1. Considering the options G10, F76, S21, tell which one lies farthest towards the positive end of the dipole of the chain, charges being +1 on Lys and Arg and -1 on Asp and Glu at the Cβ, about the Cα centre.
2. Skipping prolines and chain starts, which residues have an amide H placed within reach, meaning under 5 Å, of the one on F167, given they are 5 or more residues away or on another chain?
3. Which Cα, out of Y145, L114, C129, lies furthest along the positive dipole direction of the range 45-188 (beta carbon charges, K/R +1, D/E -1)?
4. Where does each of 148-154, 165-171 land if you order them by average Cβ count within 10 Å, highest first?
5. Exceeding 25 Å between C-alpha atoms, which entries from my cross-link table qualify? They are K30/K66; K66/K177; K74/K131; K41/K126; K133/K197.
6. Any idea what the relative contact order of the range 28-181 is, in percent, if you count C-alpha pairs under 8 Å spaced at least 6 apart?
7. Over 21 Å apart: what share of the alpha carbon pairs of the range 105-199 falls there, rounded to a whole percent?
8. Size of the dipole of the range 1-102 about the Cα centre, Lys and Arg at +1 and Asp and Glu at -1 on the beta carbon, nothing else charged, in debye to 20?
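The values are calculated or read from the model by the stated rules, or taken from the named source; none is laboratory data. Being a predicted model, the structure only gives us computed values, none of them experimental. As a convention, Cβ positions derive from the backbone with ideal geometry for all residues, glycine included, and neighbour counts pool all protein chains shown. Heavy atoms of the whole protein, side chains included, go into the accessibility calculation; ligands, DNA and RNA do not. Shrake-Rupley method; radii C 1.70, N 1.55, O 1.52, S 1.80 Å.
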Amino acid sequence: MTITCLDLEGVLVPEIWIAFSEASGIPELKRTTRDEPDYDKLMNFRLKILEEHGLGLKEIQDVIAKIDPLPGAKEFLDSLRSVCQTIILSDTFSQFAAPLMKKLGMPTIFCNELVVADDGKITGYKMRCPKSKLTTVKALQSIGYDTIASGDSFNDLGMIQASKAGFLFRSTEQIKKDYPQYPAFEEYDDLLAAIKKAL
């Protein structure tokens with residue numbers, strides 16, 4: 001029995017923080033897990049910038065409402081879910097992910113939670129568990145599942161390395177160079193074929 005674990009941003013949907021950076025005109029918010037391996041450092045940096053600019057959850061959700069899945073992502077996910085169980089493992093937050101899951105056909109997602117004040121200010125965040133993607137893959141394995149994993153960023157490497165098969169998808173040149181042992185794909189059809197072969 002195999003479960004495929006997929007990253008969300010950069011794999012199925014555009015990077016939320018990059019979209020918000022462009023919409024808000026704040027270039028510092030373009031920084032993602034492709035650039036910064038330390039997630040706590042990255043999130044604290046983001047929250048500080050939001051506070052400096054007086055921006056909260058509503059402004060980010062307004063941008064997310066206009067984001068569509070990447071071209072071909074829903075069809076890829078539908079095809080993948082027809083051949084194996086699939087879970088999206090993301091370091092995003094439930095308050096960001098909900099509208100995107102509707103556009104993707106309501107797949108299962110495990111993600112984190114923002115702490116939001118009554119006035120809509122984001123005051124912090126709660127991680128589901130430490131090293132959430134790797135921890136989840138190991139938990140699935142502990143109850144009898146094999147895992148296949150695919151993602152594009154530093155925070156995906158743990159689940160890719162721990163799985164019976166792991167693939168990079170639309171990753172950075174640096175990550176592909178540093179981890180040549182993992183096949184790297186740019187097209188959904190190629191990733192789908194590789195996952196099917198690994199099942």
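1. Of the options given, the answer is F76.
2. Amide H neighbours of F167, under 5 Å, 5+ apart: A149, S150, G151.
3. Value computed over the given set: Y145.
4. By packing density, highest mean first, the sequence is 148-154, 165-171.
5. Violating the 25 Å limit, Cα to Cα: K66/K177; K74/K131.
6. 19
7. Tail fraction, whole percent: 44.
8. 220
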